[in-house]
Structures are given as C-alpha cells and as structure tokens.
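Enquirer: Structure below; questions to follow.
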Amino acid sequence: MNESRVSLCSLADVQLRFLCPGDLEEVRALCRDWFPIEYPLYWYEEITSANSRFFSLAAVYNQEIIGLIVAEIKRHGSLNEEDQGILANSLDECDVAYILSLGVLAKYRRNGIASLLLDSLLKHLTTPERRKVKAVFLHVLTTNAAAIRFYERKNFRLHNFLPYYYSIHGECRDGFIYVLYINEGHAPWTVYDYIKFMCSKVVNGVGLVPWVLFRINRVLHWVWKQPATEQRDEY
Ligand SMILES: CC(C)(COP(=O)(O)OP(=O)(O)OC[C@H]1O[C@@H](n2cnc3c(N)ncnc32)[C@H](O)[C@@H]1OP(=O)(O)O)[C@@H](O)C(=O)NCCC(=O)NCCS
C-alpha cells in the first residue's frame, strides 16, 4: 500500500477484456487486497468462467490486471428485502444491474480506470436489447469515502442506509445502497414527486385533467377489486 502512484500518460494503453479462467488467482489476490471480505472460491470460478452470467471486465496494462468490475443483471422483484423499492412499483417486472465488485490497483488510482470500467458497463446496459434494465445499484461501506465520492461523481444517488449490513472480522458495519437510474428507470414516487408533478402540470396548463382522471380510475379499479380478492382468500 506504500507503493507510489503511477500516472498513466494515456488511457489508450489500457486494454479492456473479459475475465477468463486463467485470471482466477490474479483476481483473487486483487480482491483480497481491496476488500475486507473473503469471497469463496466458487465465486472466483463463476466470475472468471468462460460462459459466466456475470459481466466481468478487466482493465489490463502491461499484461497486468490493474482494475476490474463485476456486475450481474437481476429481476427487480427477486431482490433481497433490503434492496426492494429501488424501482417504482410499475417497473417491478423490469431488471436492475448489481455491481458486485469494482476496484483498481492502488498505484493506478485517480487515472480514470474505474471510470473506464463503469462507463463500459453502462454502455453495455444501455444497448437496445437491455432496455429492461432500469437501474444500477451497489452496496458500499459507509466508511469507504473514496468509493462514495467516486459513485457520487458518477451521478449515483444514496438510496438507503443499511445498519449492521456487513460482518467484517466479526464486527458489524453499516452500509449504503447507491443507485443510478438508466433507460428511463425511476424510483417510487414520493408525496413530494406527486406535488411537483401536479404543480408542473398546473404551470404548463396541460394534461392535468386526464392525469387526475387516470389516477381516480386506478384507485376505483383497485377498490373494486379488493373485496373479490379478500373473498377468494377466505376459501
Ligand atoms: C473507488 C475506486 C474504484 C476508484 O477508482 P479510480 O480508478 O481511482 O477512480 P477514477 O480515477 O475513475 O475516479 C473518477 C473520479 O472519482 C472521484 N474519486 C475517485 N477516487 C477518489 C478519492 N480517493 N477521493 C476523492 N474523490 C475520488 C474523483 O472525482 C475522480 O475524478 P478526478 O480524479 O478527476 O478528481 C478505487 O479507489 C478503489 O479501487 N478502491 C478500493 C476498492 C473499493 O473500495 N471499491 C468500491 C467497492 S463498492
């Protein structure tokens, strides 16, 4: 960790490529250096396997892996309880991408390597065939100031506080969830969003009446369906 920083003259000298099985030991050594959590061997096997379900991209310089990002796409409705509510209810059938891992070798930091890796992931997620992916999210230790600054610089927003989320060397540590919305994804609307929306409609003078009627219709529809569902549940 005392190694001095290396300033890369040009990012053009850095190659991006997907991880392969031969990278396993190198990736394991990097992750052990970067993260206070020990991942099981099968996790390294999965992220480096040839037909991995993960998006596992490495930044390579002088034939050495100097950074990597690992992400996976998941159905929003299948997320763990603490991650629910990233998307609005209307987008529950959509997907989200979860960043499992992002790191850069200490001496190459602040050269834009993590930005390069994240931009590649975002480019991959915003192609027409991945329009269903509406957000990218991650967990981060509340004490990881460098990563928080990085993600905030990249327009990720704090979504949730997770008290005692991590267990590190037998000690409970707090975490944050950070989210970036893509492909017209958005968070559940708050009262503030509704007020803001209605104000904008009033100011613009269009569309408010149809919108209010649509909402009343949705509420009536919901009220109408309630007793029938409850009755069914009784049998
Ligand atoms: C977080 C991390 C991936 C950033 O990698 P990086 O290659 O240095 O990031 P970049 O060079 O692309 O930084 C882009 C911008 O993010 C911000 N940033 C990144 N690191 C920062 C730091 N230590 N302090 C303040 N801002 C920082 C800066 O605004 C930076 O732009 P600038 O250098 O022009 O000011 C790296 O510090 C790291 O590997 N940390 C250890 C592993 C880790 O904690 N990963 C995150 C797990 S959730």
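The values are calculated or read from the model by the stated rules, or taken from the named source; none is laboratory data. Since this is a predicted model, take the numbers as computed values, not measurements. We place every Cβ from the backbone using ideal geometry, glycine too, and count neighbours over all the protein chains shown.
Enquirer: I'd like to verify a number: residues in segment 84-99 that are in a loop (DSSP other than H, G, I, E, B) and either modelled with pLDDT under 95 or of a type in the set (Phe, Trp, Tyr) (or both), how many?
Expert: 5
Enquirer: Pick from 31, 9: which is assigned to a loop (DSSP other than H, G, I, E, B) and within 18 Å of residue 117 (Cα to Cα)?
Expert: Of the residues listed, the single one that is assigned to a loop (DSSP other than H, G, I, E, B) and within 18 Å of residue 117 (Cα to Cα) is 9.
Enquirer: For segment 4-17, check the following and say yes or no: at least one residue is modelled with pLDDT of 95 or more and either closer than 19 Å to residue 72 by Cα or of a type in the set (Ser, Thr, Tyr) (or both).
Expert: Yes.
Enquirer: Same structure, new question: Name, by its number, the condition in (1) in contact with a Leu (Cβ under 9 Å, 6 or more places away or on another chain); (2) surrounded by fewer than 17 Cβ atoms within 10 Å (Cβ to Cβ) that does not hold for residue 29.
Expert: (1)
Enquirer: So if I check each of 60, 70, 104, which one is modelled with pLDDT of 95 or more, over 29 Å from residue 143 (Cβ atoms) and within 15 Å of the ligand (Cβ to nearest atom)?
Expert: Only one candidate qualifies: 60.
Enquirer: Looking only at segment 91-126, how many residues end up being of a type outside the set (A, V, I, L, M, F, W, C) and touching a His at 6+ places or on another chain (Cβ under 9 Å)?
Expert: So the count comes out to 4.
Enquirer: Restricting to segment 118-150, give me the number of residues that are near the ligand (Cβ under 8 Å from one of its atoms) and either within 25 Å of residue 64 (Cα to Cα) or among the polar types (S, T, N, Q) (or both).
Expert: 5
Enquirer: Now for a separate question. So, restricting to strands (runs of 3 or more DSSP E) that lie completely within segment 113-214, which ones have at least 1 residues that are more than 30 Å from residue 7 (Cα to Cα) and among the polar types (S, T, N, Q)?
Expert: The strands (runs of 3 or more DSSP E) meeting that bar are 157-168.
Enquirer: Working only within segment 126-153, note down all residues that are among the charged types (D, E, K, R) and touching a helix residue (DSSP H, G or I) at 6+ places or on another chain (Cβ under 6 Å).
Expert: Scanning segment 126-153 gives a single hit, 134.
Enquirer: Kindly list, by first and then second residue, each pair from a residue in segment 52-80 that is free of Cβ contacts under 8 Å to residues at least 60 places away in the same chain to a residue that is away from the ligand (no atom under 16 Å from the Cβ) and among the aromatic types (Phe, Trp, Tyr), limited to pairs with Cβ atoms under 9 Å and residues at least 6 apart or on different chains.
Expert: Taking only residues 6 or more apart or on different chains, the pairs are 52/18; 56/18; 58/18.
Enquirer: Restricting attention to segment 151-186, and to residues there that are within 12 Å of the ligand (Cβ to nearest atom) and among the hydrophobic types (A, V, I, L, M, F, W, C), which single residue is nearest to residue 83 (Cα to Cα)?
Expert: That would be 177.
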